[in-house]
Amino acid sequence: MRTNTYFISDLHLGASYMPDARAHEARVVRFLDSVKDDAATLYLLGDVLDYWYEYRSVVPRGHVRFFGKLAELADAGVRIVWMTGNHDVWLFDYLRDEVGLTVLKGATTVEIAGRHFFLSHGDDVGYQRPMYRFMRFCFYNRVCQLLYAAVHPRWTHWIATGWSTQNRTHRRDMAQVQRDVERSALNLQQFAQQYVRQHPDVDFFVFGHLHLARVTALDDSRQIVFLGDWISHDTYAVFDGTTMSLKSFSKN
């Protein structure tokens, strides 16, 4: 019986910095296979792919087993909602038409079994640095997208994947990275506190983006769920109609 709602983000499939991209994809596929019989809805909260630019008549190579498993779930009656993140922002209509999933750009609120959820990748709400806001504007701007599409994919793919790899692998002060993550988490918590003043019916806030796996109590009746990632944590959240839980697939 399909009663569960699953939430997952930051898979970064296809990332060149993954030591074994095929094994990474296979692990995600095994997770999807494990939920196919009880999942009513699957929410993908962004950065599912490390890079994706969908041209009008051409799509990037790869991810065949992952897309095939999504199609299998959709054909079995699972509702799939893909919310774009900052890595897969250029997802348009290909998977919508081929798989039958819903593509959303930006935060949304949904009601599940009488409970209200605020869902966001995590980079589109709360305070963001001016340079990051400008970058997001360029990514979502249709003129910028058309100009980007005019460049041959051999160059755009190389630039985008190289940028992603550099951001992930260059030497950084890990203590400072952790402080930045905690600062961003606090920023999202402050956003949630402000949001419930105008929308007191929200029960859960669910965020990706930070690669932080944690459930935080906002108050006595509300929770913030940071979904983690599938680089270090292999985590996902599941709502069974009553309880929201954060789990690790690798530990299962």
Pick from segment 106-134, criterion outside any strand (DSSP E or B) and surrounded by 16 or more Cβ atoms within 10 Å (Cβ to Cβ), ranking: nearest to the chain's Cα centre (by Cα): H121
Apart from one, (1) modelled with pLDDT under 95; (2) within 24 Å of V238 (Cα to Cα); (3) in contact with a strand residue (DSSP E or B) (Cβ under 7 Å, 6 or more places away or on another chain); (4) not aromatic (F, W, Y) all hold for G14; the odd one out is (2)
Does any residue of segment 191-206 turn out to be modelled with pLDDT of 95 or more and in contact with a helix residue (DSSP H, G or I) (Cβ under 6 Å, 6 or more places away or on another chain)? yes
Can you work out which of the residues in segment 1-18 that are open to solvent by less than 20 Å² (accessible area, probe 1.4 Å) and among the polar types (S, T, N, Q) is nearest to the chain's Cα centre (by Cα)? S9
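Listed here are the residues, each with its yes/no results for (1) of a type in the set (A, V, I, L, M, F, W, C); (2) under 19 Å from N86 (Cα atoms); (3) open to solvent by 50 Å² or more (accessible area, probe 1.4 Å).
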| position | (1), (2), (3) |
| --- | --- |
| D20 | no, no, yes |
| A26 | yes, no, no |
| V29 | yes, no, no |
| L32 | yes, no, no |
| V35 | yes, no, no |
| Y43 | no, yes, no |
| D50 | no, yes, no |
| Y55 | no, yes, no |
| R65 | no, no, yes |
Applying the selection to segment 224-233, what residues are in contact with a strand residue (DSSP E or B) (Cβ under 9 Å, 6 or more places away or on another chain) and either closer than 15 Å to G46 by Cα or open to solvent by 60 Å² or more (accessible area, probe 1.4 Å) (or both)? V225, F226, L227, G228, D229, W230, S232, H233
So if I check each of V177, V196, V202, V181, which one is in contact with a His (Cβ under 9 Å, 6 or more places away or on another chain) and in a helix (DSSP H, G or I)? V181
How do the pairs read when you match residues in segment 62-83 that are over 11 Å from G100 (Cβ atoms) with residues anywhere that are open to solvent by less than 30 Å² (accessible area, probe 1.4 Å) and among the small types (G, A, S), using Cβ under 8 Å and keeping only pairs 6 or more apart or on different chains? M83/G46; M83/G106; M83/S120
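The values are calculated or read from the model by the stated rules, or taken from the named source; none is laboratory data. Because the structure is predicted, anything quoted here is derived from the model rather than measured. Please note: Cβ atoms are built from the backbone with ideal geometry, for glycine as well, and neighbour counts cover all protein chains shown. Only protein heavy atoms, including side chains, enter the accessible area calculation; ligands, DNA and RNA are left aside. Shrake-Rupley method; radii C 1.70, N 1.55, O 1.52, S 1.80 Å.
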